[in-house]
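Just so you know, all these numbers are worked out from the coordinates, no wet-lab data involved. As the structure is a computational prediction, the values presented were derived from the model and not from experiment. Positions of Cβ are backbone-derived with ideal geometry, glycine not excepted, and every protein chain shown enters the neighbour counts.
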Amino acid sequence: MATAPSDMLCFALHSAAHAMHSAYAPLLQPLGLTYPQYLVLAALNSGDARTVGKLGAELRLDSNTLTPLLKRMERAGWVHRSRDARDERQVLLSLTDDGRALFARTASVPGAFADRTGFQLSDLADLRDILIGLRDHLKPAKLDKS
């Protein structure tokens, strides 16, 4: 017996991810941000001066995706890229003052997104933890050696 996509976990996750990106778009668009840019700002706000490799591992983005995104963010004045003085092969990333100010303007985004879901915050935290466990079981993060 064939299984319909609507009965498949993979389809539920895939379609939920699309719906989530669509729900974030109107929250981020007035700030001039895309969802991936928002994630980069959030990651760098939690800890500057990290390598591109470490950021890519955290966000689970390969360098082919991350590098053009970072270049656009640098041109916008939100991110500063520099060579590591200890190892010039490594590129370090930091938020600029404009990048920090922009991220501060996103403070209402998580709550607005949570409101759109119709779930309690505790349920969203449980769902996040379940999904992280599923993701990590299926494909553990590559450890960045830099």
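Mind checking the full-extension length gain between ASP129 and ARG72? Use 0.36 nm per residue of separation minus the Cα-Cα distance, one decimal, nm.
Values: separation 57, 0.36 × 57 = 20.52 nm, distance 3.15 nm.
17.4 nm is the gain from fully extending ASP129 to ARG72.
Quick one: if the Förster radius is 30 Å, what FRET efficiency do ALA16 and ASN64 give, using the C-beta to C-beta distance and rounding to 0.05? Mind dumping the intermediate values first?
Working: r = 25 Å, r/R0 = 0.84.
Computed FRET efficiency for ALA16 and ASN64: 0.75.
How many angstrom lie between the C-alpha centres of region 98-112 and region 45-92?
Distance between centres, Cα-based: 20 Å.
Using the number of other C-beta atoms within 10 angstrom as an exposure proxy, rank LEU9, LEU93 with the fewest first.
Numbers: LEU9 8, LEU93 23.
Ranked by crowding around the Cβ, least crowded first: LEU9, LEU93.
Once both axes come from the Cα atoms, what is the angle between helix 35-45 and the longest principal axis of the chain, in degrees from 0 to 90, rounded to 10?
Value to nearest ten degrees: 50.
Could you order the peptides 101-111, 124-134 from most to least packed, using the average number of other C-beta atoms within 10 Å per residue?
On the way: 101-111: 13.9, 124-134: 11.4.
Ranking the peptides 101-111, 124-134 by packing returns 101-111, 124-134.
To the nearest 10 degrees, how steep is helix 121-138 against the longest Cα principal axis of the chain, on a 0 to 90 scale?
80 degrees
May I ask for the angle, rounded to the nearest 10°, between helix 9-28 and the longest principal axis of the chain, with both axes built from Cα atoms and the value confined to 0 to 90°?
50 degrees
If packing is taken as the average count of other Cβ atoms within 10 Å, what order do 16-26, 34-44, 57-67 fall into, highest mean first? Present the calculation step by step, with values, prior to reporting the outcome.
Details: 16-26: 12.5, 34-44: 18.9, 57-67: 14.5.
Final packing ranking: 34-44, 57-67, 16-26.
Taking square-rooted eigenvalues a ≥ b ≥ c of the alpha carbon gyration tensor, is region 8-146 rounded, prolate or oblate, where a/c under 1.5 means rounded and, failing that, a/b exceeding b/c means prolate?
On the way: a/c = 2.15, a/b = 1.36, b/c = 1.58.
Taking the square roots of the gyration eigenvalues as a ≥ b ≥ c, region 8-146 is oblate.
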